[in-house]
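Since the structure comes first, as structure tokens, the remarks are kept for the end.
The values are calculated or read from the model by the stated rules, or taken from the named source; none is laboratory data. These figures come from a predicted structure and were not determined experimentally. With ideal geometry, Cβ positions are generated from the backbone for all residues, glycine too; neighbour counts draw on all protein chains shown. The accessibility values were calculated without ligands, DNA or RNA, using every heavy atom of the protein model including side chains. Shrake-Rupley method; radii C 1.70, N 1.55, O 1.52, S 1.80 Å.
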Amino acid sequence: GYTEEDGTTLAFRMYSQVEKLEIILKTERVINIEKEENLYKVICENNNYYAKYILIASGKTPRKLLCKNSDKYEGKGISYCTICDGALYKNKTVIVLGGGNTAMESAKYMSNIANKIYIVNRSPLRADLKEQEIIKEVILNATIKEVIGDENHITEVILNDDRKIKADAIFVCIGKELSSAYYQNLNIKTDNLGIIVDKDMKTSNSSIY
């Protein structure tokens with residue numbers, strides 16, 4: 001409903017509104033959820049919480065780049081959020097990994113920031129033609145085999161055909177996976193798309209939405 005501000009600003013305003021209502025907000029990673037008598041035990045890294053009802057809004061997580069040194073350089077040049085980290089690479093060379101609309105949108109966003117953009121994808125591009133028009137450097141039928149860098153940042157990548165590309169960042173846009181690990185023990189109905197819900201967002205368990 002707001003057209004004059006970005007999503008981040010809107011999200012922080014919603015956060016502030018909840019704070020003014022004196023609702024307790026805690027940020028912790030959920031490890032598991034277990035049923036204990038008439039309550040649910042939400043097990044987190046530092047604390048456990050008990051509740052009569054659970055509302056799951058975990059969404060999906062980005063599919064990871066899996067190659068040599070990819071874990072080492074996450075947050076040091078490997079990013080899964082162009083809007084979050086794009087501004088860090090002003091006038092730099094970046095790689096957008098992927099061939100769908102999300103990858104093209106990321107490349108379009110970076111076209112106003114980066115000096116040079118490579119699109120690397122393991123197959124032909126799937127994105128809409130209008131999004132492909134802004135791309136200048138496209139490398140198809142290729143994957144990243146290794147990420148190379150110093151202690152603080154990436155400097156280049158090696159492709160599966162042993163080509164080397166100098167780059168300051170990789171924006172990984174290869175899809176998302178369901179965040180389902182912690183609700184596997186709740187015995188709620190799921191399918192290959194995620195949790196099955198009715199028109200009121202209720203799951204097969206009347207206490208879980």
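Ignoring ligands, DNA and RNA, please state the percent of accessible area on the chain from carbon and sulfur, probe 1.4 Å.
Ligands and nucleic acids excluded, carbon and sulfur reach 49 percent.
Return one number: the angle in degrees, 0 to 90 and rounded to the nearest 10, between the long axis of the Cα atoms of helix 101-110 and the longest principal axis of the Cα atoms of the chain.
Tilt of helix 101-110: around 60 degrees.
Name the shape class, rounded, prolate or oblate, that the alpha-carbon gyration tensor gives for the chain, where a ≥ b ≥ c are the square roots of its eigenvalues, rounded holds for a/c under 1.5, and otherwise prolate holds if a/b is larger than b/c and oblate otherwise. Please report the intermediate quantities before stating the final value.
Working: a/c = 2.04, a/b = 1.83, b/c = 1.11.
Cα axes put the chain in the prolate bin.
Once every DSSP H run of n ≥ 4 in the chain is given -39500 (n - 2.57) and the sum is divided by its residues, what mean residue ellipticity at 222 nm do you get, rounded to the nearest 500 deg cm²/dmol?
-4000 deg cm²/dmol
Given a 1.4 angstrom probe, what's the average accessible area per residue across the chain, in square angstrom?
Roughly 67 Å² per residue, with all protein chains present.
Rg and Dmax in Å for the range 56-129, alpha carbons only: what are they?
Here Rg and the maximum Cα pair distance are 13.0, 41 Å.
Taking the Cα atoms of the range 23-92, what is the range of coordinates along each of the three principal axes, in descending order and whole Å?
56, 31, 21
Please list the radius of gyration and Dmax for the range 104-209, considering alpha-carbon atoms only, with Å as the unit.
Cα only, the range 104-209: 19.9, 55 Å (Rg, Dmax).
Taking amide H atoms as placed 1.01 Å from N in the peptide plane, list the residues 5 or more away in sequence, or in a different chain, whose amide H sits under 5 Å from that of ARG63.
When sequence neighbours closer than 5 places are left aside, the close amide H contacts are ILE174, GLY175, LYS176, GLU177.
How large is ³J(HN,Hα), in whole Hz, for each residue of the range 197-209 in order, when computed from phi with the Karplus curve 6.51 cos²θ - 1.76 cosθ + 1.60 and θ = phi - 60°, using x for Gly and Pro?
In residue order, the calculated couplings are 10, 8, 5, 9, 6, 7, 7, 5, 9, 5, 9, 10, 10 Hz.
So what are the ³J(HN,Hα) numbers for the range 113-123, from phi and the Karplus equation (6.51, -1.76, 1.60; θ = phi - 60°), rounded to whole Hz, Gly and Pro as x?
10, 7, 7, 8, 10, 9, 9, 10, 8, 7, 8
From the phi of every residue in the range 16-25, what ³J(HN,Hα) in whole Hz does the Karplus formula 6.51 cos²θ - 1.76 cosθ + 1.60 yield, where θ is phi - 60° and glycine or proline is x?
In residue order, the calculated couplings are 5, 5, 5, 4, 5, 7, 6, 8, 6, 10 Hz.
Report the Cys residues of the chain lacking a disulfide-compatible partner, meaning no second Cys Cβ under 4.7 Å from their Cβ.
Singleton cysteines: CYS44, CYS67, CYS173.
Return the whole-Å distance between the Cα centroid of the range 66-90 and the Cα centroid of the range 105-131.
That distance is 16 Å.
So which residue, out of ILE148, ILE174, ILE43, gets the largest mean-square fluctuation from a GNM of the chain using Cα contacts under 10 Å as springs?
With Cα springs under 10 Å in the chain, the top fluctuation among ILE148, ILE174, ILE43 is at ILE43.
Using the Kirkwood radius built from alpha carbon pairs, what does the Stokes-Einstein equation give as D for the range 1-63 at 4 °C and 1.567 mPa s, in µm² per second? The partial results should precede the final answer.
On the way: Rh = 14.5 Å.
The diffusion coefficient I find is 89 µm²/s.
For the chain, what does the relative contact order come out to in percent, with C-alpha contacts under 8 Å and a separation of six or more?
Across the chain, relative contact order equals 22 percent.
Can you give me the long-range amide H partners of TYR118? Hydrogens built in the peptide plane at 1.01 Å from N, cutoff under 5 Å, separation of 5 or more residues or another chain.
Close amide H contacts, sequence-distant or interchain: VAL94, ILE95, VAL96.
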